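Enquirer: Pasting in a structure now, in structure tokens, and then I'll have a few things to ask.
The values are calculated or read from the model by the stated rules, or taken from the named source; none is laboratory data. Just so it is clear, the model here is predicted, and its values are computed rather than measured. A quick note on method: Cβ atoms are made from the backbone with ideal geometry, for glycine too, and the neighbour counts reach across all protein chains shown. SASA here: full protein model, heavy atoms, side chains in, ligands and nucleic acids out. Shrake-Rupley method; radii C 1.70, N 1.55, O 1.52, S 1.80 Å.
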Amino acid sequence: MGNLWKQWLANLGWSQPLLKTLDIMLVLALTYMMLVIISERRTLWMVRGFILLMLASAVSDFFGLQLLNFVLQSLVYGCAVAMAITLQSEFRRFLEQLGRGEFRQLFQTSSLAVPKSYSVIDEIVDAVRELSKNRIGALLIIETTGPIDERDFSVPGVKLNAEVSKELLQTIFQPKTLLHDGATLIRGSRIVSSGIILPLSGRTASRQLGTRHRAAMGITERVENCICVVVSEETGSISLAERGTLNRPLTITKLRDSLETLFSPAVDREAVAPGLFSLGRQIRGKSTALISRLLGLPSTASRDKK
């Protein structure tokens, strides 16, 4: 089948160097899509390690090192399965976009939804403090590295598009208001919508956890670019959900520290996908340096010094 494919491309005028160039460009495109999907640097190191394994496998195959190539290929297959399990939500989002035909979005980096100042965090923390003190239940969804697709919600809720303020947040969750029995979405310094119904987590959890806690776990399991702050209606305790894990109970000081850490400009949650041409230059430079070391050739830097 491979020979027929090559023969068909050759009949169309595709030479062997052109096919190799196409192969490299396709690998660069897939690499770039992976960098777009993986929006955290902590996870990015695992992706880089996987790419290095693939490059090492290709180099060993090029030099005819059969045993080493067999070992590296086995590692690549094993790592691919491990990554599919670890990054299942990212792969799910990738397959959903692919199935919807949203090819352009696969190459677009998501803009950050980080609050522009600590005043937003102060407003959130002050509102949570009062809600906890009065034992008023609340559920806040705070976006981290990009906007959430509303199709991930069971019910999108009511659009507000208002500035974040402690007074408004406290008013929304008052028991007699129409929007209190749902989640409120915060994007940057804006309250996007309220009264959102979230999917519940399927994990086995403590019976002490109510619907709000299970909803917080459910949405952070499904969507990784968000966190949830939960205030218990029964006890007033504060919880923080991230990646399906519930951290509870939290003090107000601990909540503030956690939010400041999550939204700090220096935290490893910034966009990690560079431009496609920049990525190509970086990979080409790294590959040239690697081949030069393997062949014992002087590097570009050393030639420049000479």
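Enquirer: When you go through (1) closer than 17 Å to Ile124 by Cα; (2) open to solvent by 10 Å² or more (accessible area, probe 1.4 Å); (3) at pLDDT 90 or above one by one for Ile142, which number turns out not to apply?
Expert: (2)
Enquirer: May I pose another question? For Thr211, are the conditions met, namely being modelled with pLDDT under 90, of a type outside the set (Lys, Arg), surrounded by fewer than 16 Cβ atoms within 10 Å (Cβ to Cβ) and over 14 Å from Leu140 (Cβ atoms)?
Expert: Details: modelled with pLDDT under 90: yes; of a type outside the set (Lys, Arg): yes; surrounded by fewer than 16 Cβ atoms within 10 Å (Cβ to Cβ): yes; over 14 Å from Leu140 (Cβ atoms): yes.
So Thr211 passes the test.
Residues are listed down the side, and each one gets a yes or a no for (1) under 17 Å from Asp122 (Cα atoms); (2) in contact (Cβ under 8 Å) with a residue 24 or more places away in the chain; (3) among the hydrophobic types (A, V, I, L, M, F, W, C):
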site	(1), (2), (3)
Glu163	yes, yes, no
Leu179	no, no, yes
Pro199	no, yes, no
Leu209	no, yes, yes
Ile227	yes, yes, yes
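Enquirer: Identify, please: which residue in the range 82-137 is open to solvent by 30 Å² or more (accessible area, probe 1.4 Å), outside any helix (DSSP H, G or I) and at pLDDT 75 or above and is, among those, farthest from Val231 (Cα to Cα)?
Expert: My answer is Asn134.
Enquirer: Can you tell me which residues in the range 176-194 are surrounded by fewer than 20 Cβ atoms within 10 Å (Cβ to Cβ) and in contact with a Gly (Cβ under 9 Å, 6 or more places away or on another chain)? I'd like the intermediate steps shown before the answer.
Expert: Step one: of the range 176-194, the residues surrounded by fewer than 20 Cβ atoms within 10 Å (Cβ to Cβ) are 176-181, 187-190.
Passing the criteria: Leu178, Leu179, His180, Asp181.
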